[in-house]
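S.K.: Attaching a single structure in C-alpha cells format; questions to follow.
The values are calculated or read from the model by the stated rules, or taken from the named source; none is laboratory data. Quick caveat: nothing in here was measured; it's all calculated off a predicted structure. Here the Cβ positions follow ideal geometry from the backbone for every residue, glycine too, while neighbour counts run over all protein chains shown.
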Amino acid sequence: MALAALSTPRLTAEPLAPSHFDVVHSLHSDAVFMQYLGGVRSKPQTLEYLDRNVGHWRQHGFGIWILRLSGSGEFVGRAGLRFLEIGSSSEVEIGWGLRPAFWGQGLAAEIARECLVVTREILGFDTIVATAQPENIASLRVMERLGMSFERRVFLGGIELDLYRLRLDGPSNSRLQPTLADARAAEPPNR
C-alpha cells in the first residue's frame with residue numbers, strides 16, 4: 001500500500017520523487033537549514049539521499065513528502081516517516097525540515113501531527129521516534145508539543161542526537177483518537 005498526497009489546513013504534501021532533485025538540493029545547499037543535519041551536502045550526496053528515500057517509498061509504501069503551501073504551491077520543505085535503524089532495532093521515525101523562511105509559523109507541528117495520524121491510523125504502528133541534535137531547541141520543542149518524551153541520547157552517523165518516543169496506542173495520546181478531523185480540530189492555529 002502506498003500513501004498518496006497528504007494535506008493540512010496550510011500545506012500539501014506529495015511523495016518524494018526523482019523530479020524533486022532541485023528543491024531538495026536547494027535545502028541541502030542552505031547552510032542555515034543544514035546546521036543540525038550534518039552540514040551542506042553536495043549534488044552527489046543529494047542524489048544519494050534522494051535515491052535512498054525514493055527507494056524507501058518503493059519498498060515500504062511510505063516515506064518523505066515534499067511540502068508546499070496550499071494556496072500558492074510555494075516550496076516549504078520536507079517531512080515524513082521512515083524506518084531508522086538504532087542499534088539492533090528498527091524504529092519508525094518522524095522527521096521534518098522547513099526552509100528557514102517558514103520557521104516559527106507552526107508548520108512543522110502541523111505536518112507532524114498529520115504524520116502521527118498516518119502512522120497510527122493508516123500504517124498501524126503503535127510507537128514512533130524522532131531525533132534531533134540537543135542544540136536544535138526548535139525541533140525538540142515540536143517533539144514535546146506532539147507529546148513525545150525524551151528517551152535517551154544516541155549516536156547515528158557519528159552525530160549525537162536526542163531520541164524522543166511517543167506511544168500512539170495509549171490514553172496519553174487521546175488527541176489522535178478517534179479521527180483525523182478531531183485531531184485537526186484540537187490543534188490551536190499557528191502552533
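S.K.: Only one of these conditions is not met by TYR49: (1) out of contact with any Leu (no Cβ under 9 Å at 6 or more places or on another chain); (2) surrounded by fewer than 18 Cβ atoms within 10 Å (Cβ to Cβ). Which number is it?
M.R.: Condition not satisfied by TYR49: (2).
S.K.: Which one of these is at pLDDT below 95, among the basic types (Lys, Arg) and over 18 Å from the mean Cα position of the chain (by Cα): ARG175, ARG184?
M.R.: ARG175
S.K.: Specify which of the listed residues (VAL76, VAL40) is buried (at least 18 other Cβ atoms within 10 Å of the Cβ), hydrophobic (A, V, I, L, M, F, W, C) and either within 15 Å of the chain's Cα centre (by Cα) or not in a helix (DSSP H, G or I) (or both).
M.R.: Of the residues listed, the single one that is buried (at least 18 other Cβ atoms within 10 Å of the Cβ), hydrophobic (A, V, I, L, M, F, W, C) and either within 15 Å of the chain's Cα centre (by Cα) or not in a helix (DSSP H, G or I) (or both) is VAL76.
S.K.: When the range 115-169 is examined, which residues are found to be in contact with a strand residue (DSSP E or B) (Cβ under 8 Å, 6 or more places away or on another chain), under 16 Å from ALA79 (Cβ atoms), in contact (Cβ under 8 Å) with a residue 60 or more places away in the chain and not in a helix (DSSP H, G or I)?
M.R.: Correct list: LEU123, ALA132.
S.K.: In the range 129-166, how many are over 16 Å from the mean Cα position of the chain (by Cα) and of a type in the set (Asp, Glu)?
M.R.: Final tally of qualifying residues: 3.
S.K.: Let me ask something else about it. If you scan the range 52-73, which residues turn out to be within 23 Å of ALA130 (Cβ to Cβ) and either of a type in the set (A, V, I, L, M) or surrounded by 14 or more Cβ atoms within 10 Å (Cβ to Cβ) (or both)?
M.R.: The answer is ASN53, VAL54, HIS56, TRP57, HIS60, PHE62, GLY63, ILE64, TRP65, ILE66, LEU67, ARG68.
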